[in-house]
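To keep things clear, I will list the structure first and then write my remarks on it.
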Amino acid sequence: MKATSSSKTNPAPGRIFQVAILVVLAAVLVLGGTPPVALVAGMAFALLIGHPFAHWNPKATKWLLQTCVVLLGFGMDLPVVLRLGVHGSLFAAVTIGITLAVGLWLGRKLHLDRNTSTLISAGTAICGGSAIAAVSSVIGAAEAEIAVSIGTVFLLNAIALYVFPPIGHWLHLSPTQFGLWAGVAIHDISSVVGAGLSYGRDALNTATAVKLSRTLWIAPVTLAIAFAWGRRARAGAEGAAPKQKAKIAIPWFIGLFLLASLLRSGWPAVAAWSPVISAVARRGMILVLFLIGTSLSLRTLRTVGWRTVTVGLTLWGLISVGSLAAILMLDLAA
């Protein structure tokens with residue numbers, strides 16, 4: 001009886017092994033890893049060993065990501081951040097509108113359910129998982145629809161982290177051009193920062209500023225979708241989501257990012273520490289990418305069908321090629 005009681009209170013050897021490998025991998029990657037290696041290490045860990053704290057991973061990743069983004073603000077001048085945001089606002093509006101319209105049209109053509117096509121379109125147009133979470137709350141999306149959408153975006157983000165920097169070097173993109181392209185065409189801010197890290201500090205700063213300005217579109221786009229779904233419900237349209245009151249997620253951490261940039265621009269004491277703070281943020285983003293990789297599971301892979309992949313790839317190709325062509329032809333990064 002004592003042995004049985006002891007076995008219940010002591011951690012299983014397998015769990016201790018998982019925790020030990022998790023800690024060692026995280027430490028090694030933070031000290032000397034690169035964004036692509038961190039993401040692959042996380043995926044391999046999840047699929048081969050298993051995450052011992054899988055239920056805590058999403059919340060921990062979210063808070064660590066937002067903290068690192070705020071810390072990155074200490075390495076950027078506020079005038080530069082505002083200039084990049086204003087400079088790309090019209091570009092953002094056009095690309096977001098086109099992506100949403102094409103995504104809904106393509107979803108209908110492929111007979112993909114409207115909720116899933118809307119979630120994938122919003123995730124591609126704005127900022128990946130954050131946009132999907134916000135929009136899902138106002139359209140009454142089911143858990144399976146959210147899982148399929150996030151799984152599709154996850155896979156495309158992983159690909160982008162690897163293919164964007166080589167393409168940028170092949171096309172001889174300047175750091176500013178690459179940062180603008182990555183900020184527009186890559187879904188999640190984690191992969192945007194990872195790609196920027198791989199291309200250089202100037203590319204990182206540009207990509208981060210552009211992506212954060214794009215993230216601000218979560219609120220107006222979600223409100224517009226909520227209004228459209230509400231009209232469908234009131235009109236009794238078939239398949240419309242029930243009318244509901246939903247809380248729209250506002251990316252408040254962007255305000256802290258701007259405050260950090262303001263302090264760096266106006267306070268010499270903060271500016272003196274900005275290289276150290278920025279270095280900590282960049283290493284922290286490596287850990288974020290590792291944790292994002294550990295969120296992969298066989299269940300996530302199984303939920304992604306060919307229709308969702310087709311819609312996701314088509315939209316991603318549209319925004320990637322279209323934005324790159326615009327940057328090169330119109331010299332938008334000037």
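The values are calculated or read from the model by the stated rules, or taken from the named source; none is laboratory data. What you see is a predicted model, and the numbers here were worked out from it, not measured in a lab. Please note: Cβ atoms are built from the backbone with ideal geometry, for glycine as well, and neighbour counts cover all protein chains shown. Ligands, DNA and RNA are excluded from the accessible area calculation, which covers all protein heavy atoms including side chains. Shrake-Rupley method; radii C 1.70, N 1.55, O 1.52, S 1.80 Å.
Points worth noting:
- Residues whose amide H comes within less than 5 Å of that of Phe53, counting only those at least five positions distant or on another chain, are absent (H built at 1.01 Å from N in the peptide plane).
- Value of D in µm² per second that Stokes-Einstein yields for segment 174-228, Kirkwood Rh from Cα pairs, at 4 °C (1.567 mPa s): 115 µm²/s
- Over all orientations, the chain has a Cα convex hull whose mean projected area works out to 20.1 square nanometres.
- Packing here is the average count of other Cβ atoms within 10 Å per residue, and on that basis the peptides 268-278, 252-262, highest first, run 252-262, 268-278.
- Segment 52-204 - percent relative contact order, Cα under 8 Å, separation 6 or more: 18 percent
- Taking all protein chains together, Trp63, Trp229 sort by accessible area into Trp63, Trp229, largest first [probe 1.4 Å].
- As an equivalent ellipsoid, segment 140-218 spans semi-axes of 25, 14, 8 angstrom, where each value is the square root of five times an eigenvalue of the C-alpha gyration tensor, largest first.
- Calculated [θ] (222 nm, deg cm²/dmol) that DSSP helices of n ≥ 4 give over the chain, each run adding -39,500 (n - 2.57): -26000 deg cm²/dmol
- Square roots of five times the Cα gyration tensor eigenvalues for segment 64-162, Å: 28, 17, 12
- For the residues Ser174, Ser295, Ser213, a GNM of the chain with alpha-carbon springs under 10 Å puts the largest fluctuation on Ser174.
- With the highest mean first, a sort of the peptides 189-202, 36-49 on other beta-carbon atoms found within 10 angstrom per residue produces 189-202, 36-49.
- Probing with 1.4 Å while keeping every protein chain in the model, the per residue accessible area of segment 31-161 equals 42 Å².
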